[in-house]
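Contents: one structure, followed by commentary.
The values are calculated or read from the model by the stated rules, or taken from the named source; none is laboratory data. None of the values given here were measured: they were computed from a predicted structure. Glycine also receives a Cβ, built like all others from the backbone with ideal geometry; neighbour counts cover every protein chain displayed. Just so you know, the surface numbers come from the protein's heavy atoms only, side chains and all, with ligands and any DNA or RNA stripped out. Shrake-Rupley method; radii C 1.70, N 1.55, O 1.52, S 1.80 Å.
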Amino acid sequence: LTGLITPVVTPGAMLLALPGLAARLWPWELPAILGQLYSTFLLGMAVCAWPAAREPRWGGVRIYVIANLFVNLLVLVVSLLHLPRFSPGASAWAWFAFCALSAALFGGILVQQNRRPALSSSFS
């Protein structure tokens, strides 16, 4: 999960601190104030990834992983439904790549954890 921090903090910080620049680079038309609102989601994901990556218990990160999986899947589906709003170019490719890779990462973590055998609480 620590590998997710930089790719999320960078656009999140740019949206918050430099909304005009971020709007010019964003894959669709983005008012500055809306960009600052979007920054909260990205920065929140990054801030929560830090302790989640260090949590030794699955129960401590399960909700974080499931929530981010479904948010990324939802964003990907909604983005595909509104594909005509996207400007063609590298920023659109980066957007879809980020959403798809994030969903794959969180989905992979969820599948991996669900395949692990549960530890028995009883001893024989």
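With all protein chains in place and a 1.4 Å probe, the accessible surface of segment 1-83 carries 75 percent carbon and sulfur.
Each of Leu80, Gly12, Ala67 was placed along the dipole of the chain (beta-carbon charges, centred on the mean Cα), and the one lying farthest toward the positive end is Ala67.
Which whole DSSP H helices in the chain pass both tests: a Cα extent of 20 Å or more along the axis and a mean Kyte-Doolittle value no lower than 0.0? Membrane-span-like by this criterion, though nothing is claimed about a membrane: 32-54, 62-81, 90-115. Loop-located trypsin sites (Lys or Arg not before Pro) in segment 38-82 (DSSP state not H, G, I, E or B) with no more than 13 neighbouring Cβ atoms inside 10 Å: Arg57. Selection among Phe41, Trp93, Phe106 by position relative to the dipole of segment 1-115 gives Phe106 as farthest towards the positive end (Cβ unit charges, Cα centre).
Computed from the mean reciprocal separation of all distinct C-alpha pairs, what Kirkwood hydrodynamic radius does the chain have, in Å? In the chain this quantity evaluates to 15.9 Å. Summing Cβ point charges (Lys, Arg +1; Asp, Glu -1) relative to the Cα centre of the chain gives a dipole of roughly 300 debye.
With helices as the sole contributors, the chain gives -24500 deg cm²/dmol at 222 nm; each DSSP H run of n ≥ 4 counts as -39500 (n - 2.57), and the sum is divided by every residue.
Using the heavy atoms of the protein chains and a 1.4 angstrom probe, tell me the accessible area per residue for the chain in square angstrom.
66 Å²
Stretched out straight at 0.36 nm per residue, the stretch from Glu55 to Ala67 would grow longer than its current Cα-Cα span by 2.7 nm.
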